[in-house]
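Step one of this worksheet: look at the structure below.
The values are calculated or read from the model by the stated rules, or taken from the named source; none is laboratory data. Since we're looking at a predicted model, the values are computed, not measured. For neighbour counting, all protein chains shown are included, and Cβ atoms are generated from backbone atoms with ideal geometry for every residue, glycine included. All accessible areas refer to the heavy atoms of the entire protein, side chains included, with ligands and DNA or RNA removed. Shrake-Rupley method; radii C 1.70, N 1.55, O 1.52, S 1.80 Å.
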Amino acid sequence: MAHQISVFAENRPGRLRKVTGLLAEAGVNLRALTITGVEKYGVIKLLVDKPDLAYEALIAAGVPAKKQEVIAILIEDEPGSLYKALSALAERGVNIENAYGFLTHESDKAVFVFEVEDPKQTVELLREMGFKPLSDAEIAAL
Amino acid sequence: MFWDEEMETLPRDELKRLQVERLRQTLVRASRSPFYSRLFKRIKLDPEKVSSLDVLKDIPFTTKEDLRSNAPYGFLAVPKEEIIRVHSSSGTTGAATPILYTRSDIDRWADLVARCMYMTGVRKGDVFQNTMGYGLFTGGLGFHYGAEKLGVMVIPSGPGNSKRQIYLMRTFGTTVIHILPSYALRLLSTFEELGLDPKEDTQLRIAFIGAEPHTEEMRRRIEEAYGVDAYNSYGLSEMNGPGVAFECPHKNGMHVWEDSFILEVVDPETLEPVPEGEVGELVFTTLTREGMPIIRYRSRDLAAVYPDPCPCGRTHRRISRIMGRTDDMLIVKGVNIFPMQIEKVLMSIPEVGTDYQIVLERENYMDKLIVRVEINAKFFEGDVKGLERLRRRIIEELRSEIVVTPEVELLEPGSLPKAEGKAVRVIDRRG
Ligand SMILES: [Zn+2]
């Protein structure tokens, strides 16, 4: 199972810089990042190579942060591959809540990251369907 | 249980009769002072004929400004040689106003303070350390005389010098302490520095922490850290000083000694009485004061009266914590709002951090109330959904307390300036 770090941030200049600055100082590399914003604040989701280290660095700096289980799967970087994965999950009634993706250095693969209500069960399902959910270590090695 | 059982448990109708009689005597005495003799002539009041408390509503309020502009002797109701003590208000705003006491005033005051202390369980044999300032300020000497009247050993340590405070506590086995709540919390670091645990290494069992406003949470922290019962109290120098109202062991509201003071609660805008149980400005009339009787004094302190009787058996009504000062009152969309009401709601929600800010703006001629709160990092769940749920909950709980629907902004911990008093927390941009 992979982990992402969620961070609460006010919607004003310099907040993202502060967060990424803290991570850089702690020697953490970013793999992917999304921001869900509402009017005055937002939640930054970070996929990093060292989630534990990132989490500790942020908490130590007084930043409201949370380490959460998240599912990351490798898919072929070709038309229809994400559709295939999503349909398989939809058929089994899995509701995807918050998703983002990024390309790996090997250009034929993409990583699809998403949150579900029951990550453990979803991981089982994905394994049965032949997908390989990535661990933190595998994400770090990408 | 009671210092003065008969008086403390006097049935309400008898208490009222006593108030009428004492009010008549007070008005007679007051009419000998330059200020009230002029006033009573103007409103054609004959104090001798007073037979009901209803007379009060025909007498104008006495304000701080009246006391100040008639200082030092405009309110003196006895020959000056009868005065044996002067205290004064702290004078945080403007010049200090002197309060004059006869020997009997000092005795009665001490007796009321003894009544308060006894109510919380202080007994002969206790050792009382008074860390409040002595001098013109009433908090130090008021408790000092009360404790002596009760018959406990008093250590008049006065404020400051934390190591000496702890040394005195340990040397004399202090069991009861009078201390500013903020100082009680600061003193903990000195205990720690000395490698001492106040719970183990002192014999403290009771603390009086009413000298400055504090939250229920602060009381609990003091009680836990020191292993004591901490009691809130209320007093103002214009009404002697400490001993006007005090918590009983139920710690649910402070009994106002209605044999010594008449309490009214009024709307600070209209000056009409508020319905019982609602927050308003406390107005006091002295009932036994000789040197300087004061009628219908506007305290500028805001609190509510608890209408129901207290399980302790005392018949004197209770008031809530002081919710703020009339000077702090905000009028938003025509509704009176006290910052303390907002603070109370915010502090009851654990997901909210300690700092907040109240911003008032005007948009299209409409008042807008914005409450900006820091979130408590510990409770961050990692998603917008949870935060929006929290934001809606804060709005809902504030609305049910203050009637007005505020906007609520969630902030990162530490993004607001640390508040050093109430002023910083309210920003009024309505011009
Ligand atoms: Zn009681």
Filtering the range A:61-76 down to residues that are more than 14 Å from every other protein chain (Cβ to nearest Cβ) and exposed (fewer than 15 other Cβ atoms within 10 Å of the Cβ) yields A:E76
Those residues of the range A:40-55 which are open to solvent by 70 Å² or more (accessible area, probe 1.4 Å) and either more than 18 Å from A:D136 (Cβ to Cβ) or assigned to a loop (DSSP other than H, G, I, E, B) (or both) amount to A:K40, A:K50
For strands (runs of 3 or more DSSP E) lying entirely in the range B:339-419, having 1 or more residues that are within 13 Å of chain A (Cβ to nearest Cβ) and modelled with pLDDT under 90 picks out B:352-363
Taking B:G195 as the residue in question, decide whether it is open to solvent by 10 Å² or more (accessible area, probe 1.4 Å), assigned by TED's automatic domain parsing to the domain that holds B:E290 and on the phi > 0 side of the Ramachandran plot. yes
Counted residues in the range B:256-279 being within 19 Å of B:D54 (Cβ to Cβ) and within 16 Å of the ligand (Cβ to nearest atom) come to 2
The one condition A:K84 fails out of (1) within 14 Å of another protein chain (Cβ to nearest Cβ); (2) surrounded by fewer than 17 Cβ atoms within 10 Å (Cβ to Cβ) is (1)
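Residue-by-condition table, conditions (1) within 16 Å of the ligand (Cβ to nearest atom); (2) of a type in the set (S, T, Y):
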{"residue": "B:E281", "(1), (2)": "no, no"}
{"residue": "B:R298", "(1), (2)": "no, no"}
{"residue": "B:R314", "(1), (2)": "yes, no"}
{"residue": "B:T326", "(1), (2)": "no, yes"}
{"residue": "B:K333", "(1), (2)": "no, no"}
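This table checks each residue for (1) open to solvent by 10 Å² or more (accessible area, probe 1.4 Å); (2) among the β-branched types (V, I, T); (3) in contact (Cβ under 8 Å) with a residue 12 or more places away in the chain.
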{"site": "B:M292", "(1), (2), (3)": "no, no, yes"}
{"site": "B:Y297", "(1), (2), (3)": "no, no, yes"}
{"site": "B:C312", "(1), (2), (3)": "yes, no, yes"}
{"site": "B:T326", "(1), (2), (3)": "yes, yes, yes"}
{"site": "B:V332", "(1), (2), (3)": "no, yes, yes"}
{"site": "B:N336", "(1), (2), (3)": "yes, no, yes"}
{"site": "B:M340", "(1), (2), (3)": "yes, no, yes"}
{"site": "B:K344", "(1), (2), (3)": "yes, no, yes"}
{"site": "B:M347", "(1), (2), (3)": "yes, no, yes"}
* Asked: In this structure, does B:S162 turn out to be farther than 30 Å from B:L302 by Cβ, in contact with a Leu (Cβ under 6 Å, 6 or more places away or on another chain), in the same structural domain as B:S237 (by TED's automatic domain parsing) and open to solvent by less than 20 Å² (accessible area, probe 1.4 Å)?
  -> no
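With respect to B:T171, is the statement that it is open to solvent by 10 Å² or more (accessible area, probe 1.4 Å), in contact with a Lys or Arg (Cβ under 8 Å, 6 or more places away or on another chain), more than 16 Å from the ligand (Cβ to nearest atom) and at negative phi true? Spell out how you get there, then give the answer.
On the way: open to solvent by 10 Å² or more (accessible area, probe 1.4 Å): yes; in contact with a Lys or Arg (Cβ under 8 Å, 6 or more places away or on another chain): no; more than 16 Å from the ligand (Cβ to nearest atom): yes; at negative phi: yes.
Taking the combined requirement at face value, the residue does not satisfy it.
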A:L58 vs (1) surrounded by fewer than 19 Cβ atoms within 10 Å (Cβ to Cβ); (2) within 18 Å of the chain's Cα centre (by Cα); (3) within 24 Å of B:I375 (Cα to Cα): all pass except (1)
So, first residue within 9 Å of B:L204 (Cα to Cα) in the range B:222-235, second residue small (G, A, S) and not in a helix (DSSP H, G or I), Cβ within less than 6 Å, six or more apart or across chains; the pairs are B:V228/B:A207
